[in-house]
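Okay, so here's the structure we're looking at.
The values are calculated or read from the model by the stated rules, or taken from the named source; none is laboratory data. Quick caveat, the model's predicted, so the values are computed rather than measured. With ideal geometry, Cβ positions are generated from the backbone for all residues, glycine too; neighbour counts draw on all protein chains shown.
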Amino acid sequence: MIEFSESFHTAWRLLAVSDARLFSIVLLSLSVSFGATLIACAIGMPIGSLLAVGRFPGRRALIVLFNGLMGLPPVVVGLLVYLLLSRAGPLGSYGLLFSPTAMVIAQAVLVTPIVAALTRQVIADEWSEYREQLRSLGASRARAAVTLLWDGRFSLSTAALAGFGRAVAEVGAVMIVGGNIDGVTRVMTTTIALETSKGDLPLALALGFILIAVVLSINAVAYAVRGWAERKWG
């Protein structure tokens, strides 16, 4: 019990004094996850909107594929990205393995199916409601997809948040492609895993507190923005 209480006390002290090592890990983790989420949104949202309004051969198969990839195991993604970026891989000459860039790539691969699948659902609901109106205005399916993306931008914040939550809480893929190198590729989740195994509970607890606070804060802001938008535009 003494060790438990002491670990909590030390963890809060690390937060109170703004420990440099602690916050460098937090900043790296946030930058990697935000970067991966932005890439995933840039790729996944257009794909999801086209799957919602488009009609082409293989569409249903793609929908099933993206829905299935939402549960893609992180360690499998890490392995595939590792093989691509390793010296023997097709992208090995770029020297990206064991770098933050490799971690962004791995997380983007994980998050993109989530964003695409959730975007498709949101846009499909919008399409069923505004299809006739858009058709009467002469909008093509591509134009309709863009219009619905803009119209549903606040609802799509849920997809972005789900993707960010998956990215910031992920450990397997980033550990494989990042190597968990101190001061270079060590993020919150990998540090928590490592420090817990070493018995350094205060640092692991402090990072755990921050990780929970970050996720809750971003969701609270997004909820507030969405509520404000609904009140303003009804």
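Summary table below
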{"read-out": "Among the residues listed as Arg186, Arg131, the single one being crowded, with 18+ Cβ neighbours inside 10 Å and on the phi < 0 side of the Ramachandran plot", "value": "Arg186"}
{"read-out": "So Leu110, is it assigned to a helix (DSSP H, G or I), touching a Pro at 6+ places or on another chain (Cβ under 8 Å), buried (at least 18 other Cβ atoms within 10 Å of the Cβ) and on the phi < 0 side of the Ramachandran plot", "value": "yes"}
{"read-out": "Tabulated pairs, the range 6-20, first in contact (Cβ under 8 Å) with a residue 12 or more places away in the chain and surrounded by 16 or more Cβ atoms within 10 Å (Cβ to Cβ), second part of a helix (DSSP H, G or I) and of a type in the set (Gly, Ala, Ser), C-beta under 7 angstrom, 6+ apart or interchain", "value": "Ala11/Ala206; Leu14/Ala206; Leu15/Ala206"}
{"read-out": "Hits in the range 213-225 - residues which are surrounded by 15 or more Cβ atoms within 10 Å (Cβ to Cβ) and either among the hydrophobic types (A, V, I, L, M, F, W, C) or under 13 Å from Val26 (Cβ atoms) (or both)", "value": "Val214, Val215, Ile218, Ala222"}
{"read-out": "Helices (runs of 4 or more DSSP H) contained entirely in the range 139-234, each with at least 1 residues that are charged (D, E, K, R)", "value": "141-151, 157-168, 188-198, 201-233"}
{"read-out": "Residues satisfying the stated conditions in the range 30-73, i.e. out of contact with any helix residue (DSSP H, G or I) (no Cβ under 8 Å at 6 or more places or on another chain) and over 13 Å from Ala116 (Cβ atoms)", "value": "Leu38, Phe56, Pro57, Gly58, Arg60, Ala61, Gly71"}
{"read-out": "Pairs where the first residue, in the range 24-38, is without any contact (Cβ under 8 Å) to a residue 60 or more places away in the chain and the second is crowded, with 20+ Cβ neighbours inside 10 Å, C-beta under 9 Å, 6+ apart", "value": "Leu38/Ala108; Leu38/Ala160"}
{"read-out": "Single unsatisfied condition, Leu50 versus (1) under 27 Å from Arg135 (Cα atoms); (2) surrounded by fewer than 18 Cβ atoms within 10 Å (Cβ to Cβ); (3) in contact (Cβ under 8 Å) with a residue 60 or more places away in the chain", "value": "(2)"}
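Yes/no per residue for (1) surrounded by 18 or more Cβ atoms within 10 Å (Cβ to Cβ); (2) modelled with pLDDT under 90; (3) not acidic (Asp, Glu):
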{"residue": "Ser157", "(1), (2), (3)": "yes, yes, yes"}
{"residue": "Leu161", "(1), (2), (3)": "yes, yes, yes"}
{"residue": "Ala167", "(1), (2), (3)": "yes, no, yes"}
{"residue": "Val177", "(1), (2), (3)": "yes, no, yes"}
{"residue": "Asn180", "(1), (2), (3)": "yes, yes, yes"}
{"residue": "Ile192", "(1), (2), (3)": "yes, yes, yes"}
{"residue": "Glu195", "(1), (2), (3)": "yes, yes, no"}
{"residue": "Asp200", "(1), (2), (3)": "no, yes, no"}
{"residue": "Leu211", "(1), (2), (3)": "yes, yes, yes"}
